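Accompanying notes for the structure given below.
Every read-out reported here was derived from the displayed coordinates using simple, explicitly stated rules and does not represent laboratory data. The model shown is predicted, which means the values in this text are computed figures rather than measured ones. We place every Cβ from the backbone using ideal geometry, glycine too, and count neighbours over all the protein chains shown.
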Amino acid sequence: MFKLDIKTNGKQIEASFANVLAEHRKAVVRALNKTVEQARTAASVEVRAAGYNLKASAIRKSFSIKRATNSNLVATLKATGQPIALINYGARASKRGGVTVNVKTGSTVLRHAFIATMPNGHRGVFQRIGNGHKKVVRNGKTVRTGLPIKELFGPSIPTALGNDVVEKAIMRKIREKYPQILAHEIAFLSMKK
């Protein structure tokens with residue numbers, strides 16, 4: 001799990017705004033919430049820029065946001081998720097056998113893998129477990145089966161977000177954007193008076 005808290009020093013802000021209207025607290029809350037949403041977008045961009053071949057929608061779905069409130073000046077961006085099926089990493093059947101996937105910066109050929117659609121409609125990249133086909137009896141007939149098989153997975157979204165380059169880029173974006181957004185929100189509330 002990857003968790004990122006965007007906080008402001010509440011005591012310092014309260015001291016500096018002590019003689020200003022409570023509406024400025026609204027500006028801080030709005031700025032925190034807008035910053036956490038921009039951090040989510042930046043995270044999606046940075047994961048893809050780091051070479052992870054994932055759809056932006058898949059990255060976005062892995063996030064949950066806990067918004068800041070007047071009583072709690074903390075906005076939380078949390079990414080959770082299981083390893084992602086290799087079919088989502090641009091998997092395609094190779095002409096020479098196996099499956100080609102593009103997980104991170106460059107394609108890899110998995111020689112003993114194959115793409116299959118299960119009876120329930122799930123499509124994935126699979127690999128046989130054990131040594132080839134086995135003989136089983138079905139309806140009184142002996143048949144050869146390639147079972148059991150297992151589905152293959154790539155890294156999860158939290159793993160990609162834990163990448164040092166991605167994490168630094170997200171933090172840089174937050175440090176850059178939060179003061180700008182806060183200044184804009186304070187100016188906006190001042191204009192409404």
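Just a few scattered comments:
- Nearest-0.05 FRET efficiency for SER94 and ASP164, computed from C-beta distance (R0 22 Å): 0.10
- FRET efficiency, LYS104 to SER64 (Cβ-Cβ, R0 25 Å, nearest 0.05): 0.55
- Think of the range 134-193 as a dipole: +1 on every Lys or Arg Cβ, -1 on every Asp or Glu Cβ, centred on the Cα centre; then among ILE157, SER190, GLY140, GLY140 lies furthest on the positive end.
- Counting only Cα atoms, the size of the range 86-151 along its three principal axes is 49, 25, 19 Å, in decreasing order.
- Qualifying trypsin sites (Lys or Arg not before Pro) for the range 62-143 [loop in DSSP, other Cβ within 10 Å: at most 11]: LYS95, ARG96, ARG111
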